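Chemist: A single structure is presented below for examination.
The values are calculated or read from the model by the stated rules, or taken from the named source; none is laboratory data. Since we're looking at a predicted model, the values are computed, not measured. Backbone-built Cβ (ideal geometry, glycine too); neighbour counts: all protein chains shown.
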Amino acid sequence: MTNFQDPLVVKADGLAFIKVLYVVGGIYIWEFFTSLWFEWQIITGRRSYRWSIWLYSGCRLSALFAIITIFVGFNVTTPINCRAWLVFVFFFAYSAFVFASALIVLRIVAIWERNWLVCTIAIVAWLVNIAFYIRNMTWSEAVWSTEQSTCLVIKTDRNLTTIVVTLGEDLVLLILMLAGLRRYGDVGMYGLWRFLHRQGLLWLVLVTVAEIPTTVFIILNLNDYFNLMFQTPELIMMAVGASRIYRSLADYSSMTDFNWENERFWTFHGAAFTSNPPTVDGIQLSQHAVGEPQPSATVVETFDAASPTITKNVHKVLSFTSSTVIDSPV
């Protein structure tokens, strides 16, 4: 059986670790610069501005700075303050995770229509994770290796609690998001909600693939390099996944022609509550299939990709067929 504490094995693992860093770091740098068109469209006014772009850009930039800082630390040839270097690495990496989670929290707030209990759970989980990130930065240790002429991160098993808390937080947020979507019953049958539901499932797969290996290996605690081996790939996967999901939803919600046949319509039925449809100012909404005659007031729900709201646009229906809607704003 392999002794993972053997100096020769540790050295080989260290080389493998460095190679993994360069591969995933290069992939992220390529991803970052090939997707700058999104920010450029906002800067030039071709795409509408939403304040949550700061969370999106913060996630991307933090991950980029983390990669650059890692590369610098492993390429210097003269002694540096390794602990300060490691604190900066953790600061940028954890910031990327925080921004990515914040985007999910905003989506939860919108889907649950600012339900105070759900919002409290989501925000508390997010803040607890931040607290553990800060704790981990204060505990981090790295020393200069004269033999290898680089910084060595030590006592990496201390990261276990933070990694487990991060996994737990992401799972809690995912459960809240998917549960919020399921509140609408046959949510999977309609365009916008089907799109959000698929994104939620995609995020669940991403979290599982990215965070489970990191958690397993740090529990095994084979050596410091194995404890760190999957943390940078996890960072890259989460940053790329969060930014791509944000862009795809922004593209979906910015379509110029509303797809009337695929969206869900909720219509006013007075103040009587019958099941679980959403409400607008306390008025119950109920579902009608596309193609049926509509009452005089129809609410079309659209999800704002970049702010925690579900916009309910009220229209007066003058004429309606299975393929055409003629309306005028109320």
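Chemist: Can you name the residue in segment 1-10 that is more than 35 Å from the chain's Cα centre (by Cα) and touching a residue at least 40 places away in the same chain (Cβ under 8 Å) and is also nearest to residue 224 (Cα to Cα) among such residues?
Modeler: If we filter segment 1-10 for residues that are more than 35 Å from the chain's Cα centre (by Cα), which is where we start, we get 1-3, 5-9.
After this cut, where a residue has to be touching a residue at least 40 places away in the same chain (Cβ under 8 Å) as well, the list is 5, 9.
Numbers: 5: 9, 9: 12 Å.
Among them, the one singled out is 5.
Chemist: For segment 199-226, enumerate the residues that are touching a residue at least 12 places away in the same chain (Cβ under 8 Å), polar (S, T, N, Q) and either surrounded by 14 or more Cβ atoms within 10 Å (Cβ to Cβ) or at negative phi (or both).
Modeler: First pass over segment 199-226, keeping only residues touching a residue at least 12 places away in the same chain (Cβ under 8 Å): 199-204, 206-207, 209-215, 217-219, 221-226.
Then drop every residue that is not polar (S, T, N, Q), which leaves 199, 214-215, 221, 223.
Passing the criteria: 199, 214, 215, 223.
Chemist: Against the definition (more than 20 Å from the chain's Cα centre (by Cα), at pLDDT 90 or above, more than 23 Å from residue 181 (Cβ to Cβ) and of a type in the set (A, V, I, L, M, F, W, C)), how does residue 98 come out, yes or no?
Modeler: For residue 98, the condition - more than 20 Å from the chain's Cα centre (by Cα), at pLDDT 90 or above, more than 23 Å from residue 181 (Cβ to Cβ) and of a type in the set (A, V, I, L, M, F, W, C) - is not met.
Chemist: Now, a different point. Name every residue in segment 153-163 that is surrounded by fewer than 18 Cβ atoms within 10 Å (Cβ to Cβ) and at negative phi, in order of residue number. Let's see the steps before the verdict.
Modeler: Narrowing segment 153-163 to residues surrounded by fewer than 18 Cβ atoms within 10 Å (Cβ to Cβ): 154-155, 157-158, 160-161.
The answer is 154, 157, 158, 160, 161.
Chemist: I've got another one for you. For the condition touching a residue at least 24 places away in the same chain (Cβ under 8 Å) and in contact with a Pro (Cβ under 7 Å, 6 or more places away or on another chain), what is the one hit in 113, 141, 169?
Modeler: Going through 113, 141, 169 in turn, the sole match is 113.
Rundown of residues vs (1) assigned to a helix (DSSP H, G or I); (2) at pLDDT 90 or above; (3) among the β-branched types (Val, Ile, Thr), yes/no style:
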site: 120; (1), (2), (3): yes, yes, yes
site: 124; (1), (2), (3): yes, yes, yes
site: 133; (1), (2), (3): yes, yes, no
site: 138; (1), (2), (3): yes, yes, yes
site: 148; (1), (2), (3): no, no, no
site: 157; (1), (2), (3): yes, no, no
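Chemist: Do you know which residues across segment 137-164 are under 19 Å from residue 87 (Cβ atoms) and β-branched (Val, Ile, Thr)?
Modeler: Matches in segment 137-164: 138, 143, 150, 153, 154, 156, 161, 162, 163.
Chemist: Within segment 128-151, how many residues turn out to be β-branched (Val, Ile, Thr) and over 18 Å from residue 88 (Cα atoms)?
Modeler: Within segment 128-151, the first condition is being β-branched (Val, Ile, Thr), and the residues that meet it are 128, 130, 134, 138, 143, 146, 150.
Then drop every residue that is not over 18 Å from residue 88 (Cα atoms), which leaves 128, 146.
Counting residues in segment 128-151 that are β-branched (Val, Ile, Thr) and over 18 Å from residue 88 (Cα atoms) gives 2.
Chemist: Another question, if that's okay. Looking only at segment 57-95, count how many residues are surrounded by 15 or more Cβ atoms within 10 Å (Cβ to Cβ) and either on the phi > 0 side of the Ramachandran plot or of a type in the set (Ser, Thr, Tyr) (or both).
Modeler: 5
Chemist: Determine which member of the set 30, 54 is surrounded by fewer than 18 Cβ atoms within 10 Å (Cβ to Cβ), under 19 Å from the mean Cα position of the chain (by Cα) and free of Cβ contacts under 8 Å to residues at least 24 places away in the same chain. First the steps, then the outcome.
Modeler: Details: 30 fails: under 19 Å from the mean Cα position of the chain (by Cα).
From the options 30, 54, the qualifying one is 54.
Chemist: Follow-up question, since we're still on this one. In segment 211-243, what residues are assigned to a loop (DSSP other than H, G, I, E, B) and either closer than 14 Å to residue 166 by Cα or of a type in the set (A, V, I, L, M) (or both)? Reasoning before the result, please.
Modeler: Initial filter on segment 211-243 (assigned to a loop (DSSP other than H, G, I, E, B)): 221-223, 230.
222 - this is the single residue of segment 211-243 that is assigned to a loop (DSSP other than H, G, I, E, B) and either closer than 14 Å to residue 166 by Cα or of a type in the set (A, V, I, L, M) (or both).
Chemist: Moving on to the next point. What number of residues within segment 95-118 satisfy the criterion of being assigned to a loop (DSSP other than H, G, I, E, B) and closer than 18 Å to residue 204 by Cα?
Modeler: Keep residues of segment 95-118 that are assigned to a loop (DSSP other than H, G, I, E, B), which gives 112-115.
Next cut, closer than 18 Å to residue 204 by Cα only: none.
Residues that pass the stated criteria total 0.
Chemist: In addition: Which condition from (1) within 21 Å of residue 70 (Cα to Cα); (2) surrounded by fewer than 15 Cβ atoms within 10 Å (Cβ to Cβ) is the one that residue 179 breaks?
Modeler: (1) is the only condition that residue 179 fails.
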